[in-house]
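Data first, discussion second: the structure below is written as C-alpha cells.
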Amino acid sequence: SSARFSAKEAYKLIYRTYLKDGFFSLWRGNSATMVRVIPYAAIQFCAHEQYKELLGGYYGFQGKALPPVPRLVAGSMAGTTAAMLTYPLDMVRARMAVTPKEM
C-alpha cells in the first residue's frame, strides 16, 4: 500500500480482526513461527561452529580465535545453511498466516 502508516488505522485493523475472527486470530501463524525458529537457531549455531573449525584449519588458526573476516564468512555460511534447511517451515508459516481460518 502507498498509504502512510497510521497507529489509529493499525488499531482499527486489530480491532476488526478481533471482532471478525476472534482473539486467538491475532496469533494465527505464531505456533508455526516457533516451530521454524527453534530448528533455525539450532542449525545456525551448530553450522557456525563447524564452519569456524573448517575455516580455522584452512587458514592455519586451528584451536585459536579466527580473525574477523573468516568469522564473518563462517557466520554467513551458517545463516545460509539454516535458511536453506528451514525454508519449507517458513513457507508453511507464511501460508498459515494469510489463509482464511475456514481453510
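The values are calculated or read from the model by the stated rules, or taken from the named source; none is laboratory data. Here the structure is a predicted model, which means the values were calculated and not measured. All Cβ positions, glycine included, derive from the backbone under ideal geometry; neighbour counts span all protein chains shown. These accessible areas exclude ligands, DNA and RNA; they are computed on the full protein's heavy atoms, side chains included. Shrake-Rupley method; radii C 1.70, N 1.55, O 1.52, S 1.80 Å.
See the values below:
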item: Per-residue SASA entry for LEU54, accessible area with 1.4 Å probe, Å² rounded to 10; result: 110 Å²
item: Heavy-atom accessible area ranking, 1.4 Å probe, most first, across SER25, SER6; result: SER6, SER25
item: Net charge, ALA83 excluded, C-beta distance under 12 Å - Lys, Arg +1, Asp, Glu -1; result: 0
item: Share of pairwise Cα separations in the chain, more than 17 Å, in percent; result: 67 percent
item: 10 °C / 1.306 mPa s Stokes-Einstein diffusion coefficient of segment 1-55, Kirkwood radius on C-alpha pairs, µm²/s; result: 108 µm²/s
